[in-house]
Each structure stands twice: as structure tokens, then as C-alpha cells.
Amino acid sequence: MRVNTDVLLIRIIFTAILIAAGYFLRPVSHDARLSVGAAGALALAIIFFETRVRRASLKTLIGAAMGSILGIVGATLIGFLITVQGALPPDVRASVTLALLLLMAYVGLMVGAAKGEFLDLSALGGFVRERSSRNMKILDTSVIIDGRIADIVETGFLEGVLVIPNFILRELQQIADSPDAHKRNRGRRGLDILQRLQTKHGITVQFSEVDFPELRDVDQKLIELAKQLGAKIVTNDFNLNKVAQLRGVEVLNINELANALKPVVLPGETMRVFILKEGKEANQGVAYLDDGTMVVVDNARKMIGKTIEATVTSVLQTTAGKMIFGRYVEDARSTRGSRSSHVAEES
């Protein structure tokens, strides 16, 4: 929010200086009102141009600059040829040269900006290294509310600059002000997570005021911002993950990270689990590991509320996570007990 206030203050001061200059200098027909109006309109036009430039990517800016320079050079050469020939009166030559200069500069600017995305910036190693060294990651609303991002930052596995767009911050504030108690608690938790992230060492939290008013969907705004900054999106939203990948934006999915860190089990291994409830199929019991992985155990329905040893039969990886299937063999210890009692009777 401080960034927004500073930028707004600078724009107000700039506009006031231009209006004051127009009032005292009176460049338009020595009329104070016309001069002030012209200065105000010029200030608004410059501020509008500045806001559009701030949203442009580095490739677009370089392409626009190169295109406008080439246009000016071309217009200068053509104007020189017109001057040398002397076929036109001086006043007409000046007007034609000026119009040609503006036309060529504008056309070069627009064409260069449109084709700038095709530039390869690998030759500009300084720009590429600077951007990669910042290592920007944009946080989605869902991953902020989820809260695990703060724990990951604490471990040191996530570093660089965490970018929080203002439209994400506004969405969090709207959720925190929701009349629904559940949504309100989730929104307030997200704001608490942001405050927690700001206190972490080794990580920089940066708020971005870049917005895309022509886009109404927050996910689309995130993708466009990531493309503009060359950043990655951190989320646990499945749909955003897929759409961003289709648009060529790299995504760090917290759910995929959690699944990757779950313990690996192989068929034939034995694991101790607590049977919590019955399964969907007959004679099944359901248990959960500490990380939330579901374990479905055949022949364990009667062992609900007990800890048993189950033999893993298969592992199923789904988009929602990992499921482990096992079988309870009844009961290796009782078999060993009956054998020992039988030996005792024989002796």
C-alpha cells in the first residue's frame, strides 16, 4: 500500500508543477485558462502513457524503442532527400518532414512493440542475469490462505522475491470482510500469513500495483503478470496450474510438493496403521498416515479402533494424492502363539 501512496503523490506533484508552469508561462495565446487546461491535459496524457509503459514487458519496451529509432532514422533520410531535391517550397518541406517524422516514429513504435515478444534476450546477458537473480515468485490467493507457504519459507527451500499483486491483496481483504464466518476466518488467516512472511529472513515480500483492468478473472491476471515479470506462480489450484502451463508459465504447486514428500512404500512391505473407520467395500478398514495419505486395508473391518500390521498390496497415485491398498493377515502373532502352545503341550 505504501508503494501506491508514493506513486500517487509523485503524480500529483508532477501534475501540479505542469499546471503551475502553464499558469505562469501561458504558452497558449497568453491565455491563463487555456494554458492551465492544456497543461492539465498534457499531464494526464503523460501519466496515462506512464501507466501503460509500467505494465509493458522488457521485450515490448526494447522492441518499441528499436522500432521508433528505426522509424526516426528512416524519416530523417527521406526528409533529407526531399530537402536536397528542392521540389517543394520551404514551408511545405518543413510540414512534410515533421509529419513524416511523426508518422514513421509512431509506426515504428507500434510495430516494434507488437513484434517485441519475438526478441531473444539471451544476448543481453546482464538483463537476463539480473532478472533471474531476483528469482520472482507470484503467490496465488489459495496458497496464501493454505498457509503451508510460510512453513516452506522457514525451511529455506523457497527463496528470492515473493510478489503479492494488489488484486490478490484486494481479494484477500474481500474474503476477510465476508459475512460468512468460514470465509472471514480464511481471509484473516491469509492476511496473518502475509504478515508472517514479511518477518522471515532470506525472503523478500514485494507488493505489485500492476493490474490488468481489461481482465476480470484473477487467474488470467496472475498469468499475464507472471509473463510480464518472467516469474513463477506458486499455487495449489489445480485449474490455475493447468491453464498456466498451457500459457507457458512455470508453476510451483504446493500440493505436488506435498505428494512428492510423502513416504515411498512398495508392495510387499509391512506397515503399522490405526484402523479408523470401515471402508466402502465389504470387510475393508480405512486408516490414515501422518501426512494424510489414505490406507485401505482388506480384511480389517473388525479391527476398527486398533493398530494393526498390514501388508501393502498396491499404491495408486491420483490427482488428489496417493492411496495405499493393503491386506490384514489374521494374525501372524496368533499363529505364532498357537504354534508355541502346541509345542508346549507336546513337551
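The values are calculated or read from the model by the stated rules, or taken from the named source; none is laboratory data. The shown structure was predicted, so the numbers you read here are calculated from the model rather than taken from an experiment. Because the Cβ atoms are built from the backbone with ideal geometry, glycine has one as well, and the counts that use them run over all protein chains shown.
Evaluate the following for D6: is it under 17 Å from V210 (Cα atoms) and out of contact with any Pro (no Cβ under 7 Å at 6 or more places or on another chain)? So that I can check it myself, show each step before the final result.
Details: under 17 Å from V210 (Cα atoms): yes; out of contact with any Pro (no Cβ under 7 Å at 6 or more places or on another chain): yes.
Answer is yes for this residue.
If you take the residues of the range 244-273 that are of a type outside the set (A, V, I, L, M) and part of a helix (DSSP H, G or I), which of them is farthest from L316 (Cα to Cα)? Spell out the reasoning first.
So in the range 244-273, the residues of a type outside the set (A, V, I, L, M) come out as 245, 247-248, 250, 253, 255-256, 259, 262-263, 267-270, 272.
Adding the requirement that they be part of a helix (DSSP H, G or I) leaves 245, 255-256, 259.
Working: Q245: 25, N255: 16, E256: 15, N259: 12 Å.
Filtering the range 244-273 for residues that are of a type outside the set (A, V, I, L, M) and part of a helix (DSSP H, G or I), the one farthest from L316 (Cα to Cα) comes out as Q245.
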Exercise. Scan (1) of a type in the set (G, A, S); (2) loosely packed, with under 12 Cβ neighbours inside 10 Å; (3) at pLDDT 80 or above for the single condition A43 breaks and write down its number.
Key: (2)
Practice problem: Check whether at least one residue in the range 132-154 is loosely packed, with under 13 Cβ neighbours inside 10 Å, at pLDDT below 85 and over 18 Å from T199 (Cβ atoms), and report yes or no. | Solution: yes
Exercise. State yes or no: is D31 more than 25 Å from S208 (Cβ to Cβ) and either touching an Asp or Glu at 6+ places or on another chain (Cβ under 6 Å) or free of Cβ contacts under 8 Å to residues at least 12 places away in the same chain (or both)?
Key: yes
Exercise. Answer yes or no: is there a residue in the range 337-346 that is outside any loop (DSSP other than H, G, I, E, B), modelled with pLDDT of 90 or more and among the basic types (K, R).
Key: no
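Within the range 132-185, which residues are among the hydrophobic types (A, V, I, L, M, F, W, C), over 13 Å from I233 (Cα atoms) and in contact with a strand residue (DSSP E or B) (Cβ under 8 Å, 6 or more places away or on another chain)? Steps first, answer last, please.
Initially, the range 132-185 is screened for residues among the hydrophobic types (A, V, I, L, M, F, W, C), giving 136, 138-139, 143-145, 149-150, 152-153, 157-158, 161-164, 167-169, 172, 175-176, 181.
Pick out the ones that are also over 13 Å from I233 (Cα atoms) and you get 145, 150, 152-153, 157, 167, 169, 172, 175-176, 181.
Scanning the range 132-185 gives V153, L169.
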Exercise. Among the residues of the range 274-293, count how many are part of a strand (DSSP E or B) and surrounded by fewer than 17 Cβ atoms within 10 Å (Cβ to Cβ).
Key: 5
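Of all residues in the range 159-202, count the ones that are of a type outside the set (D, E, K, R), without any contact (Cβ under 8 Å) to a residue 12 or more places away in the chain and part of a helix (DSSP H, G or I). Show your work before the answer.
Filtering the range 159-202 for residues of a type outside the set (D, E, K, R) gives 160-169, 172-176, 178-179, 181-182, 185, 187, 190-191, 193-195, 197-199, 201-202.
Among the residues that remain, those that are also without any contact (Cβ under 8 Å) to a residue 12 or more places away in the chain are: 178-179, 181-182, 185, 195, 198-199, 201.
Still in the running and part of a helix (DSSP H, G or I): 181-182, 185, 195, 198.
Going through the range 159-202 one residue at a time, the tally reaches 5.
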Quiz item: In the range 8-16, is there at least one residue being over 35 Å from the mean Cα position of the chain (by Cα), over 27 Å from Y106 (Cα atoms), outside any loop (DSSP other than H, G, I, E, B) and not acidic (D, E)?
Solution: yes
Exercise. Could you check how many residues of the range 294-313 are at pLDDT below 90 and either closer than 27 Å to E256 by Cα or in a strand (DSSP E or B) (or both)?
Key: 1
Quiz item: Here are some conditions: (1) touching a Gly at 6+ places or on another chain (Cβ under 7 Å); (2) without any contact (Cβ under 8 Å) to a residue 24 or more places away in the chain. N259 meets all but one. Which one does it not meet?
Solution: (2)
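Just name the residue that is modelled with the lowest pLDDT out of those in the range 203-219 that are aliphatic (A, V, I, L, M) and part of a strand (DSSP E or B).
Once the filter is applied, the top-ranked residue is I203.
From the list Q245, Q220, Q206, pick out the single residue that is surrounded by fewer than 17 Cβ atoms within 10 Å (Cβ to Cβ) and closer than 20 Å to A150 by Cβ.
Numbers: Q245 fails: closer than 20 Å to A150 by Cβ; Q220 fails: closer than 20 Å to A150 by Cβ.
Selected residue: Q206, the only one of Q245, Q220, Q206 that is surrounded by fewer than 17 Cβ atoms within 10 Å (Cβ to Cβ) and closer than 20 Å to A150 by Cβ.
Could you tell me which residue of the range 53-69 is surrounded by the fewest Cβ atoms within 10 Å (Cβ to Cβ), considering only residues that are farther than 22 Å from L101 by Cβ and either hydrophobic (A, V, I, L, M, F, W, C) or at pLDDT 75 or above (or both)?
Ranking the qualifying residues of the range 53-69, first place goes to A56.
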Exercise. Would you point out the residue of the range 94-130, among those that are modelled with pLDDT of 85 or more and β-branched (V, I, T), that is farthest from A75 (Cα to Cα)?
Key: V111
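Going through the range 262-273 one residue at a time, which ones are surrounded by 12 or more Cβ atoms within 10 Å (Cβ to Cβ) and free of Cβ contacts under 8 Å to residues at least 60 places away in the same chain?
Those that are surrounded by 12 or more Cβ atoms within 10 Å (Cβ to Cβ) and free of Cβ contacts under 8 Å to residues at least 60 places away in the same chain: V265, P267, E269, T270, M271, V273.
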Quiz item: Identify, please: which residue in the range 294-316 is free of Cβ contacts under 8 Å to residues at least 40 places away in the same chain and closer than 15 Å to L266 by Cβ and is, among those, surrounded by the most Cβ atoms within 10 Å (Cβ to Cβ)?
Solution: V295
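For I233, state whether it is in a helix (DSSP H, G or I), buried (at least 16 other Cβ atoms within 10 Å of the Cβ) and among the aliphatic types (A, V, I, L, M).
On the way: in a helix (DSSP H, G or I): no; buried (at least 16 other Cβ atoms within 10 Å of the Cβ): yes; among the aliphatic types (A, V, I, L, M): yes.
It is false that I233 is in a helix (DSSP H, G or I), buried (at least 16 other Cβ atoms within 10 Å of the Cβ) and among the aliphatic types (A, V, I, L, M).
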